[in-house]
Amino acid sequence: MTATRSIPTVKLLINGEFVESTTSEWRDVINPATQEVLARVPFATQDEMNAAVASAKAAFKTWRKTPIGARARIFLKYQQLIRENMKELAAILTAEQGKTLPDAEGDVFRGLEVVEHAAGIGNLQLGELANNVAGGVDTYTLLQPLGVCAGITPFNFPAMIPLWMFPMAIATGNTFVLKPSEQDPMVTMRLAELALQAGIPPGVLNVIHGGAEAVNLICDHPDIKAVSFVGSTKVGTHVYNRASQNGKRAQCMMGAKNHAIVLPDAHKQQTLNNLVGSAFGAAGQRCMALPVVILVGEAQAWLPELVEKAKTLKVNAGCEPGTDVGPVVSCAALERINGLIERGVQEGAELLLDGRHPQVAGYQDGNFVGPTIFSAVSTDMTIYKEEIFGPVLCVLQAATMDEAIAIINANPNGNGTALFTRSGAAARHFQEEIDVGQVGINVPIPVPVPTFSFTGSRGSKLGDLGPYGKQVVQFYTQTKTVTQRWFDEDEVGGPVNTTITLK
Ligand code: NAD
């Protein structure tokens, strides 16, 4: 008789309780390095999802009036708990997502920074006051929470991106329904447990699981006031349109095809290290990765050295020490990436480094693809036009920086970009002319720290306000402008005023 291991189930979080779903639809959460089934995640029923929203709606009645200091102290406690559990969180993340352990800690850490920012909510959610805007009249603003808000997150940052969303929404006085990626929900659930341990009251944070049905319920539910989405352009555009048509606020951070420009005066070794790290780190599954580099003029001669550096990266399971490139998230992702590499070859790009089918001792079943480099790539090729989201670097050439800028500005995406140079004048020209949200000058992955807001230009973002930083306080609050005047008991009433001016 063979003993069967019982597979844990991922729970829903409704009204402060971690509950087993009653659904009949489940999906396996799979370790991408081994294909081991780590857990089963439910696709929640309509009743369960409605119960989550109802619990958030009920909790809002008291949470919105909870003193700002009490809200801030929960996030002070929460950041401490995340720090104390960092290793465990990173290990869960690596097992279900594939990235290396140090990178998984980075994923948690970048989210932790937003939690720290949320702990400073007392300074962030301040209104304004103008004294004596007319005789005895003052005007001031209140930034009031909206009600139930919701977040939909992608697979590639299962700690950081949920932490971009619910801490700031809750710190500003809203309640929240989160729908994590169904591919790797386990670290998100551990973060939800720690959030409750930090003191988030029942109903203030709820978590549902599922796919398109859950997303559509969030977009349609009349009690949800705002939706924050991070994921692909295709799904994000759908979410933005559907949620906006239903009168909700929406912000959608979407797909990318980030380019670096390398000028010949750049610091050569630093630049090559940065290019290799940002093209192949996290197996290219970062929205801020650099999958395209444009070598300008004499910098084109650096290509052989770039290839040699990429060859030194170690492809292995994310949990193994010294790994540079872990597996991609799923067999489907691996198949798609390998297919796109084949397409690049067919369309005439030059495959300088072919990372397909690497042999990884001890992990024969993992979804591995090693660093892959194409040169002679043109902008009409599929490998250039599609977001590959794997460790594949496309190298283009340009005679001048302006030619390179024109290529970037003509790309439909505008998420991140970087320029490598020693020239301040060139850097300033680039900063002024480039139409991309996140700009790095000798910084390959310029993700803004939480005092600033993540942004995006053109096809990479829909909605005006970013998911953290100062902008997110505006996103999660309604501005109310109060104009007030008080009369003394003995004040003599003036004449009836039929004009609109206050005197
Ligand atoms: P995805 O769009 O497939 O999934 C995102 C979310 O949408 C998930 O929660 C998923 O369950 C849900 N979803 C998937 N298909 C759906 C459908 N048909 N209808 C409704 N909902 C659906 O994205 P992903 O593959 O998880 O993540 C990778 C993508 O996210 C890449 O395009 C990457 O560039 C992007 N991303 C962008 C940013 C940013 O800040 N701009 C950050 C991280 C990732």
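The values are calculated or read from the model by the stated rules, or taken from the named source; none is laboratory data. Predicted, not measured: the structure shown is a model, and the values here were computed from it. All Cβ positions, glycine included, derive from the backbone under ideal geometry; neighbour counts span all protein chains shown. Just so you know, the surface numbers come from the protein's heavy atoms only, side chains and all, with ligands and any DNA or RNA stripped out. Shrake-Rupley method; radii C 1.70, N 1.55, O 1.52, S 1.80 Å.
The table that follows gives values for the structure above.
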read-out: GLY120 being open to solvent by less than 40 Å² (accessible area, probe 1.4 Å), touching a residue at least 40 places away in the same chain (Cβ under 8 Å), of a type outside the set (S, T, N, Q) and under 24 Å from PHE166 (Cα atoms); value: yes
read-out: Residue that is nearest to the ligand (Cβ to nearest atom), among those in segment 449-461 that are open to solvent by 20 Å² or more (accessible area, probe 1.4 Å) and not polar (S, T, N, Q); value: LYS461
read-out: Among (1) open to solvent by 10 Å² or more (accessible area, probe 1.4 Å); (2) polar (S, T, N, Q); (3) within 15 Å of the ligand (Cβ to nearest atom); (4) outside the structural domain of ILE294 (by the TED database), the one test that ASN413 misses; value: (4)
read-out: Criterion violated by ASP265 - all others in (1) out of contact with any strand residue (DSSP E or B) (no Cβ under 8 Å at 6 or more places or on another chain); (2) open to solvent by 30 Å² or more (accessible area, probe 1.4 Å); (3) not assigned by the TED database to the domain that holds ILE383 satisfied; value: (3)
read-out: Segment 282-298, residues that are assigned to a loop (DSSP other than H, G, I, E, B) and among the small types (Gly, Ala, Ser); value: ALA289
read-out: Of all residues making up segment 174-220, the number that are in a helix (DSSP H, G or I) and more than 16 Å from the ligand (Cβ to nearest atom); value: 7
read-out: Residue in segment 242-255 that is within 9 Å of the ligand (Cβ to nearest atom), surrounded by fewer than 24 Cβ atoms within 10 Å (Cβ to Cβ) and of a type in the set (Ser, Thr, Tyr) present; value: no
read-out: Those residues of segment 462-473 which are away from the ligand (no atom under 12 Å from the Cβ) and either in the same structural domain as GLY414 (by the TED database) or under 20 Å from GLU113 (Cβ atoms) (or both), in sequence order; value: LEU465, GLY469, LYS470, GLN471, VAL472, VAL473
read-out: Residue match in segment 291-298 (condition: within 16 Å of the ligand (Cβ to nearest atom) and in contact with a Leu (Cβ under 8 Å, 6 or more places away or on another chain)); value: yes
read-out: Answer residue from segment 281-334, given it is within 30 Å of ALA398 (Cβ to Cβ), of a type in the set (Gly, Ala, Ser) and open to solvent by less than 60 Å² (accessible area, probe 1.4 Å) and is farthest from the chain's Cα centre (by Cα) among those; value: GLY297
read-out: Count - residues of segment 432-453 that are more than 24 Å from THR421 (Cα to Cα) and of a type in the set (A, V, I, L, M, F, W, C); value: 1
read-out: Verdict on VAL239 being in the same structural domain as ALA159 (by the TED database), buried (at least 22 other Cβ atoms within 10 Å of the Cβ) and more than 19 Å from the chain's Cα centre (by Cα); value: no
read-out: Residues of segment 457-503 that turn out to be touching a Phe, Trp or Tyr at 6+ places or on another chain (Cβ under 7 Å) and aliphatic (A, V, I, L, M), as a count; value: 3
read-out: Extreme residue, nearest to the ligand (Cβ to nearest atom), among residues of segment 221-239 that are under 14 Å from GLY151 (Cβ atoms) and part of a helix (DSSP H, G or I); value: VAL235
read-out: Criterion: out of contact with any helix residue (DSSP H, G or I) (no Cβ under 6 Å at 6 or more places or on another chain), open to solvent by 20 Å² or more (accessible area, probe 1.4 Å) and of a type in the set (A, V, I, L, M, F, W, C) - qualifying residue of PHE475, PHE487; value: PHE487
